[in-house]
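Quick notes on the structure that follows.
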Amino acid sequence: MTSHGANIVRRRSKSLIAVLCALSVAGCGSWSDALLGSSRPAEGTPGFVRGFLGGVVADEPRAALAGRDVLASGGSAVDAAVTVGFMLGVTMPSRASLAGGGVCLAFDPRRSETISVQFLPTAPAVIAPGSDRPAALPGTPRGLFALHSRLGRLPFERVIAPAEQAARFGTPVSRAFATDLAAVWPPFSADPQAREIFGKSGGSQALAEGDMLTQVELANLIGQIRSQGVGDFYQGSLARRVADATAAAGGALSVDELRSTLPRAAFAETVSFGSDTLAVSPVGGSVGAAVMMQRLRARVSVEEAAQAALAAAAAARAGTPPSALLASTAPAGGSLPPVLGATTGFAVLDRDGQAVACSMTMNNLFGTGRIAPTFGLLLAAAPGIGQVPPALPSLVMVTNPSTRAFRLAAVSSGGEGAPVALGIAASQAMAGASAQAAVAAPRTLRGAEDTTSRVNLISCSRYLPGSNASCSWAPDPRGNGLALGAD
């Protein structure tokens, strides 16, 4: 066929496609791809999604990049959140090792429901003899799997593969992780494996920003989880090896206790917030942030609201039902003891309005400071033992049930100031401020009182589904995080 003839055929094909598109409820894409071919990447490949992706914001940039790639591949917000969570175990194990844990809120716009999944690293019931650095029971693998099993779209093994690849082939150290590493290097480097993995110049110096971090043993562990399933980490042959490795690292965990380590998934605690619904996870920092938002909406002073928030966080931690604290107009009793700031948080939004906010922790910066041999796995510190208090995960979600729409997802890391900073930033965003202005507000309003907290936030002021253009995302300007999206 001549070139002229081929052009005539192509023009007639396009005319036929136009007619078929007009008659089809499925739209033009499938007809066009079938008849004319398409250069569009396959589902599961970055570039599959065109136009609005949603957004990702995290304290560690390379984890945020991996999450954005999953959104661009057609993954849901939950798919991207699982990728970010596993990637943080590689790129920021100081706060989010796979032996740590966390808590997530996830909004499902199809059912207009927000769920809470708790998988915090908890202390074992019995501290084994010889455990000079008691380790917490790891919650992350099962917790993120539980989240994915409810709202994931892509296969689980696919969304954790980026973490395996980053560990195996290496990834440049980010400024966020280099800062954590420099802060603890003298005592941390006493562990031979820490020197080998995270050191240079024979272990005399810590890896710095831009240096390549390779963790082959950790990659092998993630590969086993990917191929054998998460359950093997807790109750199979892999679990027995994990138990032996934790004993060698001075924080012995038994196979029986690993087997019984289960995430808790339930509907989130909710309370009306104007015409919207404010959802929290039943943990102290999340409840405290919600109380802060309620007090600020009632136009009390920032400091009065902060006192109520910290008292509510303390009461929730002591066992007071969150529903009672959220329904009360009187300040909760109790005070919040000092909390270590060893947490990190991230938020994800996809193009359909599904959203996730997660707070991850090791309870202490670099957990026990020991690495389980043969796995390259940093162990989380057992909370409530010695001088290690439980973490204070602080995260909130705002949605509109009547329209099945997303409004806000935000999470704060840091010490006891985290729920206060989160409450301020989320309130500013709900009042119409951009994400960038909202995350800067805690420092503006509290000055020197706000020192260690960092807020990551995604907001759609005119809701999603609704107005893509009203969505913005931002990390705290004082941190070294990254916010990404595309339109």
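The values are calculated or read from the model by the stated rules, or taken from the named source; none is laboratory data. These numbers come from a predicted model, not from an experiment. With ideal geometry, Cβ positions are generated from the backbone for all residues, glycine too; neighbour counts draw on all protein chains shown. What goes into the accessible areas is simple: the full protein's heavy atoms, side chains included, and nothing from ligands, DNA or RNA. Shrake-Rupley method; radii C 1.70, N 1.55, O 1.52, S 1.80 Å.
Which helices count as membrane-span-like in the chain under these terms: full DSSP H, at least 27 Å along the axis by C-alpha, Kyte-Doolittle mean of -0.5 or more?
Span-like helices, by this rule, are 3-23.
From the Cα gyration tensor of region 376-417, with a ≥ b ≥ c the square roots of its eigenvalues, which class applies: rounded if a/c is under 1.5, or else prolate if a/b is larger than b/c, or else oblate?
It comes out prolate by the Cα gyration axes.
Once you list every other residue whose beta carbon is under 12 Å from the beta carbon of Ser227, what net charge do they have if Lys and Arg are +1 and Asp and Glu are -1?
-2
All other residues with a Cβ under 13 Å from the Cβ of Lys200 taken together, and with Lys, Arg as +1 and Asp, Glu as -1, what is their net charge?
Combined, the nearby Lys, Arg, Asp and Glu give -2.
How much accessible surface area, in Å² rounded to 10, belongs to the heavy atoms of Thr179 with a 1.4 Å probe?
Approximately 80 Å² of Thr179 is accessible to the 1.4 Å probe.
Along the positive direction of the dipole of the chain (beta-carbon charges: Lys, Arg +1; Asp, Glu -1; about the Cα centre), which of Leu349, Phe233, Ile197 reaches farthest?
Leu349
When Lys and Arg each count +1 and Asp and Glu each count -1, what net charge do the other residues less than 15 Å away from Ala433, Cβ to Cβ, add up to?
Charge balance in the 15 Å sphere: +3.
Reported to two decimal places, what Rg/Rh ratio describes the chain when computed on Cα atoms with Rh from the Kirkwood expression?
Here the Rg-to-Rh quotient is 1.02.
If packing is taken as the average number of other Cβ atoms within 10 Å across a peptide's residues, how do 291-299, 192-200, 410-418 rank, most packed first?
Going by the mean number of other Cβ atoms within 10 Å, highest first, we get 410-418, 291-299, 192-200.
Tell me the accessible surface of Ser204 in square angstrom (1.4 angstrom probe, heavy atoms of protein chains only), to the nearest ten.
80 Å²
Would you work out what percent of the accessible area of the chain, with all protein chains in place, is carbon or sulfur (probe 1.4 Å)?
52 percent
Can you tell me the relative contact order of the chain? Whole percent, Cα pairs under 8 Å, sequence separation 6 or more.
21 percent
Mean 1/r over all different Cα pairs, inverted: what Kirkwood radius does region 115-265 give, in Å?
Computed over Cα pairs of region 115-265, the Kirkwood hydrodynamic radius comes out at 17.0 Å.
State in Å² the accessible area per residue of region 72-212; use a 1.4 Å probe, count heavy atoms of protein chains only, and round to the nearest integer.
Ligands and nucleic acids excluded, the figure is 34 Å² per residue.
Give the ranking of Tyr234, Tyr463 by solvent-accessible surface, highest area first, calculated with a 1.4 Å probe.
The ranking, largest first, comes out as Tyr463, Tyr234.
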